[in-house]
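J.: Sharing a structure below in structure tokens format, with a few things to ask.
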Amino acid sequence: MKQGVFRVMLLLLGITAGFGGVRPSVSDGSEPDTVSSLELDSLASFFAGVQSRHPEKLYLHLNQPYYGAGDTMWFKAYLTDAVSHRPDTLSNFIYVDLADR
């Protein structure tokens, strides 16, 4: 699954880079410049690095949009893998800080 996501991201990035990477030919008839294989290799290594770091996303669901002084706050937290969006078991603890604005 992760390989499929990686390939789709690389394909979309390649398409996007293709639009910006090809420049119109100049009037002397020379060939237009394209994205080099070195640039594509660096993009592939970037996405492989992101995938190997196992980034996580935290979703916090609250029972109310606003709270007053003395209100009881109920919440539920979901920790997912940022690449596959499946539940993640890499971290065992979630720390929540409450701030008064």
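The values are calculated or read from the model by the stated rules, or taken from the named source; none is laboratory data. Values in this document were obtained by computation on a predicted structure and should not be read as measured data. Here Cβ is always computed from backbone atoms with ideal geometry, including for glycine, and neighbour counts include all displayed protein chains.
J.: Give the residue, chosen from Ser52, Ser27, Ser45, that is polar (S, T, N, Q), farther than 30 Å from Asp100 by Cβ and at pLDDT below 55.
T.: On the way: Ser52 fails: at pLDDT below 55; Ser45 fails: at pLDDT below 55.
Selected residue: Ser27, the only one of Ser52, Ser27, Ser45 that is polar (S, T, N, Q), farther than 30 Å from Asp100 by Cβ and at pLDDT below 55.
J.: Out of all the residues in region 67-90, which are surrounded by 10 or more Cβ atoms within 10 Å (Cβ to Cβ), part of a loop (DSSP other than H, G, I, E, B) and among the hydrophobic types (A, V, I, L, M, F, W, C)?
T.: Met73, Ala82, Val83
J.: Do we find a residue being among the small types (Gly, Ala, Ser) and touching a strand residue (DSSP E or B) at 6+ places or on another chain (Cβ under 6 Å) anywhere in region 51-70? Don't jump to the end; show me each part of the working.
T.: Start the filter on region 51-70 by keeping residues that are among the small types (Gly, Ala, Ser), which leaves 52, 68-70.
Pick out the ones that are also touching a strand residue (DSSP E or B) at 6+ places or on another chain (Cβ under 6 Å) and you get none.
Among the residues of region 51-70, not one is among the small types (Gly, Ala, Ser) and touching a strand residue (DSSP E or B) at 6+ places or on another chain (Cβ under 6 Å), which makes the answer no.
J.: Let me ask something else. Taking region 54-66, which residues are surrounded by 10 or more Cβ atoms within 10 Å (Cβ to Cβ) and part of a loop (DSSP other than H, G, I, E, B)?
T.: Within region 54-66, His54, Pro55, Asn63, Gln64 qualify.
J.: Which condition number in (1) assigned to a helix (DSSP H, G or I); (2) surrounded by fewer than 12 Cβ atoms within 10 Å (Cβ to Cβ); (3) at pLDDT 80 or above is the one that Leu12 fails?
T.: (3)
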